[in-house]
1. Across the range 256-289, which residue is nearest to residue 309 (Cα to Cα) among those that are among the small types (Gly, Ala, Ser) and in contact (Cβ under 8 Å) with a residue 40 or more places away in the chain?
2. Mind checking which residues of the range 48-101 are touching a residue at least 24 places away in the same chain (Cβ under 8 Å), hydrophobic (A, V, I, L, M, F, W, C) and in a strand (DSSP E or B)?
3. Within the range 245-262, is there a residue that is out of contact with any Cys (no Cβ under 8 Å at 6 or more places or on another chain) and part of a helix (DSSP H, G or I)?
4. Could you check the range 25-61 and list, in sequence order, the residues that are among the acidic types (Asp, Glu) and closer than 24 Å to residue 290 by Cβ?
5. Among the residues that make up the range 183-194, is at least one of them assigned to a helix (DSSP H, G or I), in contact with a Cys (Cβ under 7 Å, 6 or more places away or on another chain) and not acidic (Asp, Glu)?
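What follows is calculated from the coordinates using simple rules that are stated; it is not laboratory data. Everything numeric here is computed off the predicted structure, so don't read it as measured data. Cβ sites come from the backbone with ideal geometry, for glycine too, and all protein chains shown count toward neighbours.
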Amino acid sequence: MDCRILQVGPLTERFNRRLASEHAVVPLWCQGDALAFLDGQGAGFDIVVTSARFGCSAAMLERLPNVRAICSFGVGYDAIAVEAARQRGIQVSYTPDVLNDCVADLAMGLVIDCARRISAADRFVRAGLWTAGNFPLARKVSGKRLGIVGLGRIGKDVARRASGFDMQVRYHNRRPDADAPYGFEADLLALARWSDFLVLTCPGGAATHHLISAPVLDALGPEGILVNVSRGSVVDETALVAALLEGRLGGAGLDVFEAEPQVPDALLALDNLVLAPHIGSGTEETRLQMEELVFANLRAFTDKGELLTPVV
């Protein structure tokens, strides 16, 4: 079937060129006032192509009366009005599984960097401070206790990597995973108290908004390290800044932020954390696989009216 596509935001130049060469596509970010444009032109689109970053809001969907599918680049879909789409029978796809390895790799990288202070040591050498004395001692990773919040596909990959460091693993979910060989902890505060490292791999959205609150950070404690590769909304960022500034939390490795790409100035000034610009899936291999899966979903929908990896 012939479909007219609305692309909400730009992805890679490779993706943008290919999408424009294979489909009739309009780039929404080039239209000035997006909602005003959709008020006039929204009825002409059949499919929305977006990403976990750009999403597709309920206000946008209201102005897209004929859209039948939303194909998203990314594993997160909290920025997409999924429930509003369901109520209208609009199918929504995302790109699960293909990015699990890279996000899990980054999570373990942040664990190691925070504990061994690799980034801080790099700054120490570059600043010429080594000639004045040795770098302060850091902390061991192997054999420590790793808590995982959200033992889904990515969480399980993090746990498998942790086993290579002889780490004890426990996890917190809404319910136990009968197939998981790790200890389940129904009480998030108890998991935080137990953990040396608390890694967040849970979904974003209303159900997990500020799940990591001041009491959780206090339970993790002045020797504990928080690693977030999920969504910035999962952590109460104000509470996190306060805990770090006051020494109530040992450190943090953050790939995501509440208002990214804006990062609080207070975080930029601290040396006991590692900051990354949302690069969990940011490798050439994985981003290409994600792009291919978006195009595969588009082909499946235009050919058969069905998506390969629907949000369920």
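1. Residues of the range 256-289 among the small types (Gly, Ala, Ser): 259, 266, 269, 276, 280-282.
After this cut, where a residue has to be in contact (Cβ under 8 Å) with a residue 40 or more places away in the chain as well, the list is 276, 280-282.
Values: 276: 28, 280: 20, 281: 18, 282: 21 Å.
This residue is 281.
2. Answer for the range 48-101, where residues must be touching a residue at least 24 places away in the same chain (Cβ under 8 Å), hydrophobic (A, V, I, L, M, F, W, C) and in a strand (DSSP E or B): 48, 49, 56, 69, 71, 73, 80, 92.
3. Checked the range 245-262: at least one residue is out of contact with any Cys (no Cβ under 8 Å at 6 or more places or on another chain) and part of a helix (DSSP H, G or I).
4. First, pick out the residues of the range 25-61 that are among the acidic types (Asp, Glu): 33, 39, 46.
Within the range 25-61, just 46 meets the criteria.
5. no
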